[in-house]
Amino acid sequence: MTLIVSIGGNKHGKTDPYIKKDGVELDLILLIRTILAATKEIAFRVSQGELSGVLGSTLDENIQGEVQKKLDVLANQLLKDMLSDDDSVRSIASEEEEFVVPVHSTAPYIVAFDPLDGSSNIDINGQIGTIFTIYRARDDVAANSPEQFAQLGTEQVCAGYVLYGPSTYLMMTTGGPTRGYTLDLTHGGYLLTVPEVTLSQDSMEFSANMANYRYWQEGVQHYFDQVLYSSEDYKDVTMRYNGAMVGDINRILIKGGVFHYPSDARAGNENGKIRLLYEANPLAMLIEKAGGKATAHGKRIMALPPTSLHQRVPVVMGSNNLVDEFDKAIFSNS
Ligand code: AHM
Ligand code: MG
């Protein structure tokens, strides 16, 4: 059943009573609305595809050494511009920006985002999304300091993503349960469609880029050998891989399963590919608040002390049993 409540308010003038129940302050609700306003604009451009002139690549590389897509740049700029206009934002960090962007020096919140996750899917009309996270600003460091964002994932006051799929879908937590919202194109607001997401613990589905097998550590290779070829426990196993973590995690939140992006032997991938601040922590919070687990090196992702703004971590996250079995196989003797 679709509940007629909306974070952005709706034609009946109601706001989401569930968010209120989480004890969320009004200025945080307004900040979330700013982020969502930007995602609606991105969703519109994405839905226009080739017609909006945003497909294809730029000639530039981002801080991650990846060629930027036009939509990466556009989504980054939209979020940055709209958040810079919001009085409650002290600092911004983006996967596409080398440095922290200082905004309002005494504002209460800092925001980090991956403006367009799954960039390789842009040109093929595949799943892509925006991942975001909000923390309280620190008064002991400057607004332009990366130290603003050197906070544990457990300090997040809001985490979410918007998936630009056949429908535009918001998954978000403000400290309470993970909830799902669908963008209603008839009135332009996100409507609460799943008040409480509960991760299935029965799934035998995994997401991993198996083409990286040759670069993985021996323990990880051995684990996947068991899963694919020998263990009776995994005889019903199946695999799905989107090339967009946001799509894989959405599937896992709805159907259960586990996502892996292990470290590998390639230069730069010693800690895998997934960024702690922009991807791992917000998605870990959504997974945990839905009853699942998220670990790196066998430890809880949200308890990892950050060491740098663009830090990467190897990730495994999803249904408890599948995360535990992987960690037991890899880390029980280390
Ligand atoms: P991006 O934020 O630049 O799009 O990179 C992150 C993405 C994840 O969404 C996805 O799971 C992963 O990169 C795919 O990487 P690979 O092509 O190595 O499997
Ligand atoms: Mg990403």
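Would you call residue 296 under 15 Å from the mean Cα position of the chain (by Cα), within 27 Å of residue 132 (Cβ to Cβ) and buried (at least 20 other Cβ atoms within 10 Å of the Cβ)? For residue 296, the condition - under 15 Å from the mean Cα position of the chain (by Cα), within 27 Å of residue 132 (Cβ to Cβ) and buried (at least 20 other Cβ atoms within 10 Å of the Cβ) - is not met.
On the basis of being surrounded by fewer than 17 Cβ atoms within 10 Å (Cβ to Cβ) and under 23 Å from residue 84 (Cβ atoms), does residue 142 make the cut?
yes
In region 133-152, which residues are of a type in the set (S, T, N, Q) and part of a loop (DSSP other than H, G, I, E, B)?
Hits for region 133-152 are 144, 145, 151.
Taken together, the criteria exclude residue 255 from residues that are within 16 Å of ligand 2 (Cβ to nearest atom) and charged (D, E, K, R). Within the set 81, 85, the sole residue that is closer than 16 Å to residue 28 by Cα, modelled with pLDDT of 95 or more and out of contact with any strand residue (DSSP E or B) (no Cβ under 6 Å at 6 or more places or on another chain) turns out to be 85.
Residue 309 passes every criterion in (1) closer than 28 Å to residue 177 by Cβ; (2) surrounded by 21 or more Cβ atoms within 10 Å (Cβ to Cβ) apart from (1).
Selection of region 252-264 for residues being buried (at least 20 other Cβ atoms within 10 Å of the Cβ) and on the phi < 0 side of the Ramachandran plot yields 252, 253, 258, 259, 260, 261, 262, 263, 264.
Inspection of region 116-132 identifies at least one residue that is closer than 20 Å to residue 288 by Cα, part of a strand (DSSP E or B) and polar (S, T, N, Q). Looking across region 233-247 at every residue that is part of a helix (DSSP H, G or I) and more than 16 Å from ligand 2 (Cβ to nearest atom), the one that is surrounded by the most Cβ atoms within 10 Å (Cβ to Cβ) is identified as 234. Evaluate region 93-107: report whether one residue or more is aromatic (Phe, Trp, Tyr), away from ligand 1 (no atom under 16 Å from the Cβ), assigned to a loop (DSSP other than H, G, I, E, B) and touching a residue at least 24 places away in the same chain (Cβ under 8 Å). Yes, the conditions are met somewhere in region 93-107.
Of all residues in region 38-67, those satisfying the criterion of being in contact (Cβ under 8 Å) with a residue 40 or more places away in the chain, within 16 Å of ligand 2 (Cβ to nearest atom) and either small (Gly, Ala, Ser) or buried (at least 20 other Cβ atoms within 10 Å of the Cβ) (or both) are 39, 42, 46, 65. Just checking, how many residues over region 94-107 are buried (at least 21 other Cβ atoms within 10 Å of the Cβ) and modelled with pLDDT of 95 or more? Here the count works out to 4.
In region 251-282, of all residues being basic (Lys, Arg) and within 11 Å of ligand 1 (Cβ to nearest atom), the one that is nearest to the chain's Cα centre (by Cα) corresponds to 275.
Among the residues of region 283-302, is any within 12 Å of ligand 1 (Cβ to nearest atom) and within 27 Å of residue 122 (Cβ to Cβ)? There is at least one residue in region 283-302 that is within 12 Å of ligand 1 (Cβ to nearest atom) and within 27 Å of residue 122 (Cβ to Cβ). With the checklist (1) part of a helix (DSSP H, G or I); (2) within 16 Å of ligand 2 (Cβ to nearest atom); (3) surrounded by fewer than 21 Cβ atoms within 10 Å (Cβ to Cβ) in hand, flag the one item residue 78 doesn't pass. The single condition residue 78 does not satisfy is (2).
The values are calculated or read from the model by the stated rules, or taken from the named source; none is laboratory data. These numbers were taken from a predicted model, which means no experiment stands behind them. With ideal geometry, Cβ positions are generated from the backbone for all residues, glycine too; neighbour counts draw on all protein chains shown.
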